[in-house]
Every structure is written in structure tokens, then in C-alpha cells.
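Each value in this text was obtained by applying a stated rule to the coordinates, not by laboratory testing. What you are looking at is a predicted structure, and each value in this text was computed from that prediction instead of being measured. Counting neighbours? That spans all protein chains shown, and the Cβs are built from the backbone with ideal geometry, glycine included.
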Amino acid sequence: MTESEIPKEYNANEVEKKWMEKWNLSMYHFNWGEDTRPQYIIDTPPPYPTGNFHIGNALNWCYIDFVARYKRMRGYNVMFPQGWDCHGLP
């Protein structure tokens, strides 16, 4: 199978394990002591739970996530912490 082919069967455990290892090793890890890459820190306000969840809630976080992913692809050491709502829930 070439890289562009889609497998006939999806082995979720295998795929998830592969990507979790990759993400834990590099992509979503911020290292305060690293000085080989420029730092890019995103300070986001915590989400506020008002009313029902709607597309606007997700859309506002998508914009910030797009920037974080773009900066990581450009070689930045990105810190993009998860926000907490006003009640201390993740």
C-alpha cells in the first residue's frame, strides 16, 4: 500500500496509539527550557458557560487552534493551554 492509499479496514487502536505517541513526543509539548525554536504563547480567556453549546463556542476556539497549529508547523515552540471556565471545570 502506498502512502496515498486508504486502507480497507481501520484499526482504531493502532492508529490512535501511533498518533498519541507522536503528539506526546513533539507536537503538543511545550518546553520552557528550549531555546532552539522561537516561543509563541497564546493566552486565551476561559470559556464561559452561558446557555446551550452552539457553533459559535466551537468557532471561537477553532480560530485560535488554527493559529497554534500553523505556528507549530512553522517551527515554533507553541504554548496553547486549555482554558478553564468560571467554575473551575476543564
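Remarks
- 28 Å Cα-Cα reach of Lys8 towards lysines, excluding residues that sit fewer than 8 places from it in its own chain: Lys17, Lys18, Lys22
- Protection proxy ranking of 8-18, 64-74 - average other beta-carbon atoms within 10 Å, highest first: 64-74, 8-18
- Assuming charge only on the beta carbon of Lys and Arg (+1) and of Asp and Glu (-1), the dipole of the stretch 12-79 about its Cα centre is about 200 debye to the nearest 20.
- Taking a ≥ b ≥ c as the square roots of the eigenvalues of the alpha-carbon gyration tensor, the stretch 12-79 is classed oblate because a/c is 1.5 or more while a/b is no larger than b/c.
- Other residues within the sphere of radius under 15 Å centred on the Cβ of Tyr10, judged by their own Cβ, net out at -1 (K and R +1, D and E -1).
- Each other residue within a Cβ distance under 13 Å of Asp65 adds +1 if Lys or Arg and -1 if Asp or Glu, for a net charge of +3.
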